[in-house]
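Asker: Input: one structure, supplied below.
The values are calculated or read from the model by the stated rules, or taken from the named source; none is laboratory data. For clarity, every value in this text was computed on a predicted model and none was experimentally measured. Quick reminder, even Gly has a Cβ in these numbers, built from the backbone with ideal geometry, and neighbours come from all protein chains shown. Only protein heavy atoms, including side chains, enter the accessible area calculation; ligands, DNA and RNA are left aside. Shrake-Rupley method; radii C 1.70, N 1.55, O 1.52, S 1.80 Å.
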Amino acid sequence: MQEPKARKDMDPRYLWDLSSIIESAAEFERQFKEAQEQVSAFSAWQGHVGEDPRKAIREAMEMNRLLERLLVYAAMYADQDGGDSQAQDQLTRARSLAAKAESAVSFLQPELLSLPEQTLLDMKNDPNFSEYDVFVDDLLRNKPHTLSAKEERLLAMTNELMGAPDAVYTMLSDVDMPFPVVKDEEGNQVKLSNAMYGRLIRSRNREVRRGAFEAMMKGYNDYRQTYAATYRYSVKGDVVGARARNFDSAIEASLFPDRIPVAVYDNLLSGIEAMRPAMKKYMELRKKKLGVDEVHLYDLYVSIVDDFDMKLTYPEAFQVVKKGLAPLGEHYAQLLDEAYNNHWIDVYENRGKHSGAYSWGTYGAHPYVLMNFTEDLNGTTTLAHELGHAMHSWHSNHAQPFAKAGYSLFVAEVASTCNEMLLMRALMDEYKDDQKASAYLANQLLEEFRGTVYRQTMFAAFERESHRMEEAGQPLTADSLGELHYRLNQQYYGDGCVIDDCVRSEWMRIPHFYRAFYVYKYATGFSAAVYIANRILTEGQPAVDDYMKFLSAGGSLPPLDALRLAGVDMEDPATVQDALKVFADTVDQLEALL
């Protein structure tokens, strides 16, 4: 039976090197002690912020920067092997200190807001204090939602507890949950993991993908009461936090920092209706090409081009990605080479490793990418996606000071998805004279749309409804959450696909639900990325220059304004509608090719 290797047995060429953040365990302890001293010392500011508000803000930012470094390092160290006891110890202590720090600085905003408004405006407009102008502007904007110093301290003391559902979910899903054993394409017994599931669900053997799907759903269903309780308290935390800060709803509280109207979220949910006729047509085409009487959910991931495949080793995949991103210029290519050659990327699955893929890092160190690479086009597009995040962070960190480097989650998926679009357009152009390859790539592009726009919008609807249920006092149980997810699958796919009953367990697999109201940004980000990629390919260098301005903006501008630097207006419904039209056109293109 095949199982992932232990971390110590992995090829070191394909492991990331976290030393650009913190060099060693001894250095972690030194910086941890320094952070403890800063947290303790900051309490001396209580009641005295008004005496030198600029200095208080600077010291708070320096403390945040050190804490971020410790927390990011500890979390990434733990993600490479969740069973490493030293890593878990560091992460637990870093989280605890971060929570203590939030409590220690909880008086800062109330005391700043007690100053005359003109004093704050003078700080905001002072060229010598421009590093913190966004912080002061956000402070003024948050005034209606900022509580007294005592109340802020009480809320800050609960932050570590509020993160408990996410921590429990991660440990259960990535470390403790025993995944079942299934058969692969050769009839071998293999233990399911998230990475193995991703491969088997794309198998051309229908029995293999059905077996993987049903076994995975059963594996989660066996723990449905634990997952339901974990998610229930995550949602309760969102609702309590929103009410404590005088927001009308959890979604309003979530969108407020990004300055996104709730109507943008709701318009996405309603606007996706326009995609359903094309989705039904795509399901019919899938049924015909797979030669099945009906399409099931486990039939959605396999390519319907059955005599073409793209097998790529990791080195080959990187070169394909680099070639596809060539329109972004020589400097961008040099950064990609640096990421590949200098251990920015943790490539393959190992036992206890965090599932999925992400890019993360901290100010003052280069960004990192975690993957569980699979040797196919899906693994290649995931690599392009995560490198997009990494390059966004690199440009933001190099162009902005710490206080303005962090970009909004609303724009976080734009750079990553733009990379995917450029890669797919390059591949489709390279294989334009190969009918089978063109069909395969068109199918892959449709799957990007289905997974990133359609499916993520369905998840956004799940989050919207689950929070509404909690706000209305309706119980969130394993049964009610399973029924909600089943009903949404019926609504989104039911016209052309059989919705298997076991999909009631699928919501338990979605880690993004523990970062509430995040998944809709995949859909809006995808729409923006389609627009930007098309502009880069048609307009050339002027569009690239505008795009680099967007990447470098970081958090110096509100997200909608940052996107306007790249020529995108997300408040215009046409941006999403144009993306949905690309989906419909690609369905027609695939039908013709087949």
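Asker: Take the residues of region 168-195 that are of a type in the set (A, V, I, L, M) and touching a residue at least 60 places away in the same chain (Cβ under 8 Å): which is least open to solvent (accessible area, probe 1.4 Å)?
Answerer: Checking each candidate, the answer is Val190.
Asker: Also, quick follow-up: Between residues in region 252-271 that are among the β-branched types (Val, Ile, Thr) and residues that are modelled with pLDDT of 90 or more and open to solvent by 30 Å² or more (accessible area, probe 1.4 Å), which pairs lie under 7 Å by C-beta distance while being six or more apart or on different chains?
Answerer: What qualifies is Val262/Glu252.
Asker: Which residue pairs have Cβ atoms under 8 Å apart, sit 6 or more places apart or on different chains, and have a first residue in region 525-542 that is touching a residue at least 40 places away in the same chain (Cβ under 8 Å) and a second that is part of a helix (DSSP H, G or I) and open to solvent by 80 Å² or more (accessible area, probe 1.4 Å)?
Answerer: Final answer for the pair search is Ser527/Asp578; Val530/Asp578; Tyr531/Asp578; Ala533/Arg425; Leu537/Arg425.
Asker: Another question, if that's okay. Looking at Arg65, Arg54, Arg58, which is the one that is under 26 Å from the mean Cα position of the chain (by Cα) and open to solvent by 60 Å² or more (accessible area, probe 1.4 Å)?
Answerer: Arg65
Every residue, every condition in (1) charged (D, E, K, R); (2) surrounded by fewer than 21 Cβ atoms within 10 Å (Cβ to Cβ), yes or no:
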site: Met76; (1), (2): no, no
site: Gln80; (1), (2): no, yes
site: Gln86; (1), (2): no, yes
site: Arg93; (1), (2): yes, yes
site: Ala101; (1), (2): no, no
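Asker: Out of all the residues in region 509-524, is one or more crowded, with 22+ Cβ neighbours inside 10 Å, within 20 Å of the chain's Cα centre (by Cα) and polar (S, T, N, Q)?
Answerer: yes
Asker: Can you report the number of residues in region 477-507 which are without any contact (Cβ under 8 Å) to a residue 24 or more places away in the chain, open to solvent by less than 10 Å² (accessible area, probe 1.4 Å) and more than 14 Å from Arg455 (Cα to Cα)?
Answerer: The total comes to 1.
Asker: Given the residues Pro110, Pro116, which is the only one that is at negative phi and open to solvent by 40 Å² or more (accessible area, probe 1.4 Å)?
Answerer: Just one listed residue meets the conditions, Pro116.
Asker: Consider region 534-553. How many of its residues are touching a Cys at 6+ places or on another chain (Cβ under 9 Å) and at pLDDT below 95?
Answerer: 0
Residue by residue, here is whether (1) in contact with a strand residue (DSSP E or B) (Cβ under 6 Å, 6 or more places away or on another chain); (2) among the hydrophobic types (A, V, I, L, M, F, W, C) holds:
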{"residue": "Pro315", "(1), (2)": "no, no"}
{"residue": "Val320", "(1), (2)": "no, yes"}
{"residue": "Leu328", "(1), (2)": "no, yes"}
{"residue": "His331", "(1), (2)": "no, no"}
{"residue": "Glu338", "(1), (2)": "no, no"}
{"residue": "Asn342", "(1), (2)": "no, no"}
{"residue": "Ile345", "(1), (2)": "yes, yes"}
{"residue": "Lys353", "(1), (2)": "no, no"}
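Asker: Now for a different question. I'd like to know if region 564-587 contains one or more residues that are open to solvent by 30 Å² or more (accessible area, probe 1.4 Å), under 21 Å from the mean Cα position of the chain (by Cα) and not β-branched (Val, Ile, Thr).
Answerer: no
Asker: Please verify whether Leu383 is surrounded by fewer than 23 Cβ atoms within 10 Å (Cβ to Cβ) and modelled with pLDDT of 95 or more, treating the condition exactly as stated.
Answerer: Criteria not met by Leu383.
Asker: Follow-up. Out of Asn419, Asn372, I need the residue that is under 20 Å from Ala529 (Cβ atoms) and touching a helix residue (DSSP H, G or I) at 6+ places or on another chain (Cβ under 9 Å). Which one?
Answerer: One residue alone meets the criteria, Asn419.
Asker: Before we move on, is Glu3 within 30 Å of Gly352 (Cβ to Cβ), without any contact (Cβ under 8 Å) to a residue 40 or more places away in the chain and open to solvent by 50 Å² or more (accessible area, probe 1.4 Å)?
Answerer: It is false that Glu3 is within 30 Å of Gly352 (Cβ to Cβ), without any contact (Cβ under 8 Å) to a residue 40 or more places away in the chain and open to solvent by 50 Å² or more (accessible area, probe 1.4 Å).
Asker: Is it true that Gly47 is over 30 Å from Asp184 (Cβ atoms), open to solvent by 20 Å² or more (accessible area, probe 1.4 Å), part of a loop (DSSP other than H, G, I, E, B) and not charged (D, E, K, R)?
Answerer: Here the answer is yes, as Gly47 does meet what is asked.
Asker: Right, another one. So which of Gly198, Gly241 ends up being under 21 Å from the mean Cα position of the chain (by Cα) and either in contact (Cβ under 8 Å) with a residue 60 or more places away in the chain or part of a loop (DSSP other than H, G, I, E, B) (or both)?
Answerer: Gly198
Asker: Also, I was wondering about something else. With the condition kept exactly as written, say whether any residue in region 20-30 is part of a loop (DSSP other than H, G, I, E, B), closer than 21 Å to Phe373 by Cβ, touching a residue at least 60 places away in the same chain (Cβ under 8 Å) and among the aliphatic types (A, V, I, L, M).
Answerer: no
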